[in-house]
Amino acid sequence: MGISGFEPSFVIGIDSIRQAHGSRLSALAGRRLTGFTLVRFAEDGDWFADSPVVLDFDGIQVELCHWKFDELSISWDTIDTAADITGWESSELTPRWSHSDERLEPFVGHRLREVALLEWRPTVRDLAAGTVAVEFVFAHGCLRIANGLDENSIEADAAHPDYVRHGLGR
């Protein structure tokens, strides 16, 4: 993707994700979301949902990126969002880092209460069954970075009832 420092390590399944990142995610509780960064295209401002969503919690940067139907990479403090995104010279689009998103902005400055993993378990099996979203719980609402079927999805409304919540605790 031409993103400086981004070397995804994709994990599949709720147990693997919890084992690899559960303790670090739960340790974010009590920190404030101080910022976020997404990739948007300079030409039209559209979000490039294939790129990682970078959230900063008082200086700890968590980088989330869904891929394929069931893979999730969570990395920590590796992406340099001050560096230009390279390798797109032959493309008609120019990716740039952005600190603008109407779904994320309402959470900036607020203290994180907890983090949970949400597993998609629909009543009628579908392609997304088993995918995992990361939910960030604040006093005034929840923010989820979910699998949008081969890309990220940002959700800030109530979680769909087909999600099974797995609390991480502290």
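Below, the figures for the structure above:
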quantity	calculated
Qualifying residue in segment 81-93 (condition: modelled with pLDDT of 95 or more and not in a loop (DSSP other than H, G, I, E, B))	no
Every residue from segment 141-155 that is open to solvent by 40 Å² or more (accessible area, probe 1.4 Å) and modelled with pLDDT under 95	L149, D150, E151
Sole exception among (1) in contact with a strand residue (DSSP E or B) (Cβ under 7 Å, 6 or more places away or on another chain); (2) at negative phi for Q19, by number	(1)
Tally, over segment 156-165, of residues that are outside any loop (DSSP other than H, G, I, E, B) and either free of Cβ contacts under 8 Å to residues at least 24 places away in the same chain or buried (at least 20 other Cβ atoms within 10 Å of the Cβ) (or both)	1
Single match in V108, V115 (criterion: β-branched (V, I, T), surrounded by 19 or more Cβ atoms within 10 Å (Cβ to Cβ), touching a Leu at 6+ places or on another chain (Cβ under 6 Å) and more than 18 Å from E7 (Cα to Cα))	V115
Where S73 falls short, out of the listed (1) touching a strand residue (DSSP E or B) at 6+ places or on another chain (Cβ under 8 Å); (2) polar (S, T, N, Q); (3) farther than 30 Å from V164 by Cβ	(3)
Filter result (small (G, A, S), open to solvent by 40 Å² or more (accessible area, probe 1.4 Å) and part of a loop (DSSP other than H, G, I, E, B)) within segment 10-66	A27, A42, G59
Subset of segment 115-140 [closer than 19 Å to L72 by Cα and under 16 Å from the mean Cα position of the chain (by Cα)]	V115, A116, L117, L118, E119, W120, T131, V132, A133, V134, E135, F136
From the options E71, E7, residue that is at pLDDT below 95, surrounded by 14 or more Cβ atoms within 10 Å (Cβ to Cβ) and either within 15 Å of the chain's Cα centre (by Cα) or of a type in the set (D, E, K, R) (or both)	E71
Options L168, L112, L143: the member that is within 14 Å of the chain's Cα centre (by Cα) and in contact (Cβ under 8 Å) with a residue 40 or more places away in the chain	L143
Set V134, V124: member being open to solvent by 40 Å² or more (accessible area, probe 1.4 Å) and either at pLDDT below 95 or of a type in the set (A, V, I, L, M, F, W, C) (or both)	V124
Any hit, segment 113-128, residues being touching a strand residue (DSSP E or B) at 6+ places or on another chain (Cβ under 9 Å), in a loop (DSSP other than H, G, I, E, B) and within 21 Å of S26 (Cα to Cα)	no
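The values are calculated or read from the model by the stated rules, or taken from the named source; none is laboratory data. Please read these numbers as outputs of a predicted model, since none were measured by experiment. Note: ideal-geometry Cβ built from the backbone for every residue, glycine included; neighbour counts use all protein chains shown. Surface accessibility is based on the protein's heavy atoms, side chains included, excluding ligands, DNA and RNA. Shrake-Rupley method; radii C 1.70, N 1.55, O 1.52, S 1.80 Å.
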